[in-house]
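The values are calculated or read from the model by the stated rules, or taken from the named source; none is laboratory data. Small disclaimer: the values here were computed from a predicted structure and weren't measured. Ideal geometry is used to build each Cβ from the backbone, glycine not excepted, and the neighbour counts take in all protein chains shown. Surface areas here come from the heavy atoms of the whole protein model, side chains and all, with no ligands, DNA or RNA. Shrake-Rupley method; radii C 1.70, N 1.55, O 1.52, S 1.80 Å.
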Amino acid sequence: MNAALRARCDLDLGFPFHTDGSPADRLERVAAYMRSAGLSAEAYLTGESVARLEARMANLFGKPAAVWFPSGTMAQGVAARLHCKAAGNARLGLHPTSHLALHEEDGHIHLHGLEPVSCGAWPRPLSADDLPADAGCTIIELPQRHNGGVLPGWDTLQAIKARARETGQALHMDGARIWSLPTAWPGHDLPEICDGFASVYASFYKDLGASGGAILAGEADFVDEARLWLARMGGRLVSAWPMVPDALRVLDTRLPQIPLFVERARGIAMGVGDQPGLSITPDPPQVNMMHVRLDCDIATAEAARDAAAEATGVWLGNRFWHFEHDPVPALELCVGERAFQADIMRIVDAIRAMGAYVTAAQSTSG
């Protein structure tokens, strides 16, 4: 990443996606929130802020209980472990693009003794037919990040839930970016979406922009056992400040904005239209995320981003995804407060400039 070029851009759409300012600015915001909410000192996750957050999330997802974790990696490993233990079956169904398979150093294998079973195909979301016939648990990511935030259709999701019941396996939702699902499936709220999942994980920092932390929701006995594993794995922090009150703060301020972020993502994709040299996946976006896929190698893609930044003053993203199973470089564009507040045509023009650079490079090389 060209850090100096990024710093020169007056519109930065890289992570983090919101307008909290510097870490010091964020701490001041959290402190102000704690004073206004009457939150004070607490220790070992037993205070008022944790209780409020866990109760709020259990209610929001329609589950009996929830437990806060310092990271999604810890939360999802524990969830998979408990479901597979309850089933007496260590086989864990994972889509090829699963976060556990790509980004967690095989923690589900080395820490939890699970046997991953690949299910589904890289370019598309899971279907009911993709579920393993023999697994203790299958994890479904909604939305599916490495396909640009793609989702199965609503009827397909219901068929997945039905197939899981037939095969006797638990479904766990990797809902790292769960917040936009009611907008993607109008008329279906989070409790209905989460119904049929034995447990649900969500991140507080990815789309909502909190300073960290995650939630794991499910049945009361499952959550009690997950809380025990939280302690065993070193997650029972002496202080969860600023992460827990920050999560409460951004739920108040950003959750209501999510439908607007989704609308803006769709507007950006529509503005880009049919631009040679690139494509947008999915088109139109289903959530507040999309992937801009460039028809070139990774070096040309990075050069295209940098050229667009020089020409427009817009920094579109920090890195390109580039996997063996999906060799076309993909830039992840997530709409948060900064993209929402910006002139949409500046973003469109920057994306189109990347495509034009790629097209010119292809012409020169040919």
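Helices of the chain meeting both criteria, an alpha-carbon length of 30 angstrom or more along the long axis and an average Kyte-Doolittle score not below 0.5, with helices taken as full DSSP H segments, are 344-365.
For every helix of n ≥ 4 consecutive DSSP H residues, a contribution of -39,500 (n - 2.57) applies; sum these over the chain, divide by its total residues, and give [θ] at 222 nm rounded to the nearest 500 deg cm²/dmol.
Working: 15 runs with 165 residues, N = 366.
Only helices count here, giving -13500 deg cm²/dmol.
Taking the centroid of alpha carbons for each part, segment 1-62 and segment 121-159 are 30 Å apart. In the complete set of protein chains, residue-level accessible area for Glu115 is approximately 90 Å², probe 1.4 angstrom.
How much accessible area per residue does the chain have, counting only protein heavy atoms and a probe of 1.4 Å, in square angstrom? Kindly include the intermediate steps, with their values, before the conclusion.
Working: 14830 Å² over 366 residues.
Heavy-atom SASA per residue in the chain reads 41 Å².
Looking at the square roots a ≥ b ≥ c of the eigenvalues of the Cα gyration tensor of segment 182-330, which shape do they give, rounded for a/c under 1.5, prolate if a/b is larger than b/c, or oblate?
Prolate, since a/c reaches 1.5 and a/b exceeds b/c.
What shape does segment 1-131 have by the C-alpha gyration tensor, where a ≥ b ≥ c are the square roots of the eigenvalues, rounded means a/c under 1.5, and otherwise prolate means a/b greater than b/c and oblate the rest? Taking the square roots of the gyration eigenvalues as a ≥ b ≥ c, segment 1-131 is oblate.
Rounded, prolate or oblate for segment 305-366? Axes are the square roots of the Cα gyration tensor eigenvalues, ordered a ≥ b ≥ c, and the cut-off for rounded is a/c under 1.5.
Numbers: a/c = 2.73, a/b = 1.31, b/c = 2.08.
Cα axes put segment 305-366 in the oblate bin.
Here the contact order of the chain, divided by its residue count and restricted to Cα pairs under 8 Å and six or more residues apart, works out to 22 percent.
If you rank Trp241, Trp68 by how much accessible surface each has, with a 1.4 Å probe, what is the order from largest down?
Numbers: Trp241 110, Trp68 0 Å².
My answer, sorted largest first, is Trp241, Trp68.
Subtracting the Cα-Cα distance of Leu27 and Asp274 from their residue separation scaled by 0.36 nm leaves 84.6 nm.
Listed by chain and number, the aspartates and glutamates whose alpha-carbon sits under 13 Å from that of Lys85, ignoring those within fewer than 8 places in the same chain, are Glu115, Glu225. Straight distance only, please: which aspartates and glutamates reach the Cα of Lys206 with their own Cα at less than 15 Å, same-chain residues fewer than 8 apart left out? Output for Lys206: Asp20, Glu141, Asp174, Asp246, Glu332, Glu337. The residue list Leu53, Gly175, Phe340 was ranked by how far each Cα lies along the charge dipole of the chain toward its positive end, using unit charges on Cβ atoms, and Leu53 comes out on top. Remark: the chain carries a charge dipole of roughly 540 debye about the Cα centre, counting +1 on each Lys and Arg Cβ and -1 on each Asp and Glu Cβ. Mean projected area of the convex hull spanned by the Cα atoms of segment 289-334, taken over all viewing directions: 3.1 nm². Using a probe radius of 1.4 angstrom, the carbon and sulfur fraction of the accessible surface of the chain is 53%. Taken about its Cα centre, segment 1-72 carries a charge dipole of roughly 120 debye when the Cβ of each Lys and Arg holds +1 and the Cβ of each Asp and Glu holds -1. Of all alpha-carbon pairs in the chain, indicate the percentage at a distance above 28 angstrom. That fraction is 46 percent. Remark on segment 115-222: hydrodynamic radius 14.4 angstrom, per the Kirkwood mean of 1/r across alpha carbon pairs. If the segment from His325 to Val238 were pulled out straight at 0.36 nm per residue, it would be longer than the present Cα-Cα gap by 27.1 nm. Note on surface exposure: Tyr44, Tyr201, Tyr33 rank Tyr44, Tyr33, Tyr201 by accessible area, highest first, 1.4 Å probe.
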